[in-house]
Amino acid sequence: MTLSHPSRFASSAFLLLGVLLIAISLRSPITGVGPLLDSIRAELHLTATQAGMLTTLPLLAFAFFSPVASKVASKRGLEQALMLSLLFIIIGLSIRSLGSVSSLFLGTVIIGAGIAFANVLLPSLMKRDFPTKIATMTSMYVLMMGAGSAITASLAIPLDDMAKQLSISFIPSWAFSLGSLVIFPLIAILVWLPQMRNHTSPSKETQKLDSHSYLWRSLGAWQITLFLALNSFLMYIFISWLPTILVDNGYNHHEAGVIHGMLQLFTAVPALVLIPFMSKIKDRRFLSFGLTFLAFIGIIGLLLKPELAMIWGMLFGFGAGGGFILVLALISLRTSSAHQAATLSGMAQFLGYLLGASGPMIMGELHEQTASWQLPLIICALCAVLWSVFAFLAAKDELIKPTAHHDNVVFAQAQP
């Protein structure tokens with residue numbers, strides 16, 4: 001008996017470490033591309049639209065592979081499905097680093113599939129194993145995603161330079177830089193191996209994302225969905241194109257990579273502040289508006305005063321990262337059951353990732369047509385205004401609540 005408590009503590013600590021290492025691997029394969037985009041385009045002769053696809057493809061994979069994840073987990077268990085997620089990411093990173101156009105895009109799709117699995121299944125695992133610490137776990141999870149992104153964005157150019165200095169010739173230097181990211185999921189796999197003896201199905205609400213169809217007719221559900229969609233739209237534009245925007249404004253690639261990394265880091269900073277106090281804030285409308293307004297200021301600042309890009313990048317990162325955390329919290333706060341929350345999350349993330357996927361391609365094409373970042377940034381600023389409106393509306397203190405009437409299900413909004 002005396003060993004049981006230390007044993008359980010060690011098991012929980014190892015599980016937590018595994019979750020955090022998986023989290024590091026979920027955004028870094030995408031954010032590592034931005035600082036290297038100019039080199040990739042020059043080597044492979046990609047158009048701006050094709051370059052935008054490097055960020056778009058993972059988002060499309062998120063949207064379309066997410067439903068598959070719960071089915072795999074229901075058959076193989078959460079632990080094995082998450083291991084499969086890590087294997088997909090490793091395989092995708094390896095293929096993407098072969099140095100050809102076809103391998104670049106194929107590897108990107110496989111990476112997206114792996115990330116999609118973990119996106120869907122990790123929240124279910126945290127709900128199962130840390131039911132009284134979900135807010136703290138979410139905070140740590142988001143923080144590790146942001147930290148991984150910041151490290152990756154900041155080291156992308158130095159690793160590219162290292163490959164050149166070492167005269168590595170069997171793959172391009174940018175491919176060496178991107179391939180180095182495999183270290184994160186490899187370590188995660190080693191730490192996750194002890195969990196493979198378990199075989200636990202995801203929670204019921206994770207498996208059933210196809211009911212609650214009334215949500216598609218709910219004004220509140222659409223406000224939350226558009227809040228998340230515009231958040232994703234703007235965030236992935238900046239993940240893809242910020243380094244190129246900065247280089248075109250006179251920064252060198254190293255400086256652009258550091259600023260890009262700082263933006264990534266600041267997307268995680270709100271996790272330290274917001275989540276523990278989320279339940280204590282009664283009127284979240286002004287918080288949501290304030291966060292999105294910070295991101296708007298960041299976009300306007302980059303447009304008018306690019307020489308202060310470090311400040312604008314931090315403001316945008318804090319606003320977009322805070323908005324993402326808030327909208328995830330609103331999905332729980334404005335729903336009346338875990339099943340309803342999971343369904344709303346599925347709706348919001350499916351449409352959000354679809355819209356997010358279009359952003360890098362649209363802005364890349366606009367830049368190519370106008371040979372300037374002025375119009376793309378102006379459009380981003382206008383989208384940020386619209387984003388602020390939906391953020392304000394989505395943060396109402398009301399439940400999205402269905403009422404049964406004969407055999408039909410409709411929705412009604414009620415005060416909690």
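The values are calculated or read from the model by the stated rules, or taken from the named source; none is laboratory data. Given the structure is predicted, the values throughout are model-derived calculations rather than measurements. Heads up, the Cβs are rebuilt from the backbone with ideal geometry, glycines too, and the neighbour counts pull from every protein chain shown. Just the protein is used for accessible areas: all its heavy atoms, side chains included, with ligands, DNA and RNA removed. Shrake-Rupley method; radii C 1.70, N 1.55, O 1.52, S 1.80 Å.
For this structure, a couple of remarks:
- Working note: Karplus 6.51/-1.76/1.60 with θ = phi - 60° gives the stretch 358-372 the couplings 7, x, x, 5, 4, 5, x, 5, 4, 5, 5, 6, 9, 6, 7 Hz, where Gly and Pro are set to x.
- Counting lysine pairs in the chain whose alpha carbons fall under 20 angstrom apart, excluding pairs fewer than 8 residues apart on the same chain, gives 15.
- Once the 1.4 Å probe is applied to the protein heavy atoms, the chain comes out at 42 Å² accessible per residue.
- With every protein chain in place, the chain: carbon and sulfur % of accessible area (1.4 Å): 69
- For the stretch 39-48, backbone phi angles converted through the Karplus equation (6.51, -1.76, 1.60; θ = phi - 60°) give residue-by-residue couplings of 5, 5, 4, 5, 6, 9, 6, 8, 6, 4 Hz, Gly and Pro being listed as x.
- Only one of [x] 40; [y] 55; [z] 34 was calculated from the structure for percent of Cα pairs over 30 Å apart, and its label is [x].
- Neighbour net charge for Ala394 - beta-carbon separation under 10 angstrom, K R +1, D E -1: +4
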